[in-house]
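Everything on this sheet refers to the single structure shown next.
The values are calculated or read from the model by the stated rules, or taken from the named source; none is laboratory data. If you're wondering where the values come from, they're calculated on a predicted model, not measured in any experiment. Methodologically, a virtual Cβ is constructed for each residue, glycine included, from the backbone with ideal geometry; neighbour enumeration extends over all protein chains shown. Just the protein is used for accessible areas: all its heavy atoms, side chains included, with ligands, DNA and RNA removed. Shrake-Rupley method; radii C 1.70, N 1.55, O 1.52, S 1.80 Å.
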Amino acid sequence: MFNVSHYKFGRFFDATYGSLTALEAEQSFPFGVKRVYYIYEVPDGTRRGFHSHKDLHQMLICVHGSVKILTKTPYEEEITELSSPDKGLYIGPMVWREMYDFTPGSVLLVLASEHYNVNDYIRDYKEYEKIATDFLKSEVK
């Protein structure tokens, strides 16, 4: 899918000490990190997201529990379940996203390429479709 990739990070396991997964910006995924946030205590049945970004790159990792992520463009869509802290979902610019089916106690970690910028968001799906269609046409050329 355009601007969406699935990642499997290294996992180091020791029966005595447990598991460790290390992430290194620009080595483990294709961008530097300027912002980190996490989503948790999401009430049952809640859907989140409902937006796209014009320029932002993100890596989503469910470090506890599980969550489903719907990603879509005007031409395709995909549902990914994140349920392991050694797996990530990269979402680049101009991809609509919705997050749902958070299990109780789940924690979704998000690594972002830029600081928060309200002007980078597209929150209306009809507006997103128009902007994304124009953007994707220019990308194909």
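So the values come out like this:
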| item | result |
| --- | --- |
| Region 57-66 - residue that is outside any loop (DSSP other than H, G, I, E, B) and more than 11 Å from the chain's Cα centre (by Cα) and, of those, farthest from TYR121 (Cα to Cα) | HIS64 |
| Residue, farthest from the chain's Cα centre (by Cα), within region 2-23, restricted to residues that are within 30 Å of HIS53 (Cα to Cα) and of a type in the set (Phe, Trp, Tyr) | PHE9 |
| LEU70 vs. criteria among the aliphatic types (A, V, I, L, M) and in contact with a Leu (Cβ under 8 Å, 6 or more places away or on another chain) | no |
| Tabulated pairs, region 43-63, first in contact (Cβ under 8 Å) with a residue 12 or more places away in the chain, second acidic (Asp, Glu) and in a strand (DSSP E or B), C-beta under 9 angstrom, 6+ apart or interchain | ARG47/GLU98; ARG48/GLU98; GLY49/GLU98; PHE50/GLU98; HIS51/GLU98; CYS62/GLU81 |
| Checklist (1) at pLDDT 95 or above; (2) within 21 Å of SER5 (Cα to Cα); (3) surrounded by fewer than 18 Cβ atoms within 10 Å (Cβ to Cβ); (4) of a type in the set (Gly, Ala, Ser) applied to ALA25, failing item | (1) |
| Residue selected from region 1-22 under the condition polar (S, T, N, Q) and farther than 16 Å from GLY88 by Cα, by the criterion modelled with the highest pLDDT | SER19 |
| Total residues in region 44-63, condition open to solvent by 80 Å² or more (accessible area, probe 1.4 Å) and either more than 18 Å from HIS115 (Cβ to Cβ) or not acidic (Asp, Glu) (or both) | 5 |
| Hits in region 82-127 - residues which are over 17 Å from MET1 (Cα atoms) and of a type in the set (Phe, Trp, Tyr) | TYR100, PHE102, TYR116, TYR121, TYR125 |
| Single residue of region 67-77 satisfying the filter (part of a strand (DSSP E or B) and open to solvent by 20 Å² or more (accessible area, probe 1.4 Å)) that is farthest from SER5 (Cα to Cα) | LYS68 |
| All positions within region 78-129 that are of a type in the set (D, E, K, R) and either assigned to a strand (DSSP E or B) or open to solvent by less than 50 Å² (accessible area, probe 1.4 Å) (or both) | GLU78, GLU81, ASP86, LYS87, ARG97, GLU98, ASP120 |
| Enumeration of residues in region 48-84 that are among the small types (Gly, Ala, Ser) and on the phi < 0 side of the Ramachandran plot | SER52, SER66, SER83, SER84 |
| Any pair with Cβ under 9 angstrom, 6 or more apart, that starts in region 84-96 at a residue that is modelled with pLDDT of 95 or more and ends at one that is outside any strand (DSSP E or B) and among the β-branched types (Val, Ile, Thr) | PRO85/THR21; ASP86/THR21; MET94/THR73; MET94/ILE131; VAL95/THR73; TRP96/THR73 |
| Failed condition for ARG11, given (1) closer than 26 Å to ASP120 by Cα; (2) in contact (Cβ under 8 Å) with a residue 60 or more places away in the chain | (1) |
